[in-house]
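Report on the following structure.
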């Protein structure tokens, strides 16, 4: 009998902390700060280029309330963002994650920067070669005379 009680106590000590770790409890100040942070990272579905934090539309206010409700329930920032993305799609993020649909959005700016650098270096080298060729022709003309 004692062995059973001890085994149950050990199992409870092992599993209860892992269950409680899934739900985070936030202080009011932490909730406020985290809620505003999440609202700034998400785009308002009805406003062009405004975050939930900046937008005062009805849906933005509802979503902000939903963010704080989920924080009250102990959900993490990532869980809340994942919920919003599942509900509204990747467009709700200001910084979309890298996947097959957004790969070009991430790759094109870097490729343009690299192309600009290579083009600039090429142009400078061409100008340098022309200048050197002009100097040689001037020297050759002086030597020929």
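The values are calculated or read from the model by the stated rules, or taken from the named source; none is laboratory data. Please read these numbers as outputs of a predicted model, since none were measured by experiment. Using ideal geometry, Cβ is built from the backbone for each residue, glycine included, and neighbour counts are taken over all protein chains shown.
Yes/no per residue for (1) in a helix (DSSP H, G or I); (2) modelled with pLDDT of 90 or more; (3) touching a helix residue (DSSP H, G or I) at 6+ places or on another chain (Cβ under 9 Å):
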site	(1), (2), (3)
20	yes, no, no
35	yes, yes, yes
39	yes, yes, yes
46	no, no, yes
62	yes, yes, no
75	no, yes, yes
81	yes, yes, yes
86	yes, yes, no
95	no, no, yes
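In segment 65-90, which residues are within 12 Å of the chain's Cα centre (by Cα) and either in contact (Cβ under 8 Å) with a residue 12 or more places away in the chain or not assigned by TED's automatic domain parsing to the domain that holds residue 28 (or both)? If you could, list the steps in order and put the result at the bottom.
Let us first name the residues in segment 65-90 that are within 12 Å of the chain's Cα centre (by Cα), namely 78, 81, 90.
Those that are within 12 Å of the chain's Cα centre (by Cα) and either in contact (Cβ under 8 Å) with a residue 12 or more places away in the chain or not assigned by TED's automatic domain parsing to the domain that holds residue 28 (or both): 81, 90.
Within segment 48-60, track down each residue that is exposed (fewer than 14 other Cβ atoms within 10 Å of the Cβ) and in a helix (DSSP H, G or I).
Across segment 48-60, the qualifying residue is only 58.
How many residues, within segment 102-137, are in a helix (DSSP H, G or I) and within 30 Å of residue 91 (Cβ to Cβ)? Steps first, answer last, please.
To start, the set of residues in segment 102-137 that are in a helix (DSSP H, G or I) comprises 103-137.
If we keep only those that are within 30 Å of residue 91 (Cβ to Cβ) as well, we get 103-116.
Of the residues in segment 102-137, 14 are in a helix (DSSP H, G or I) and within 30 Å of residue 91 (Cβ to Cβ).
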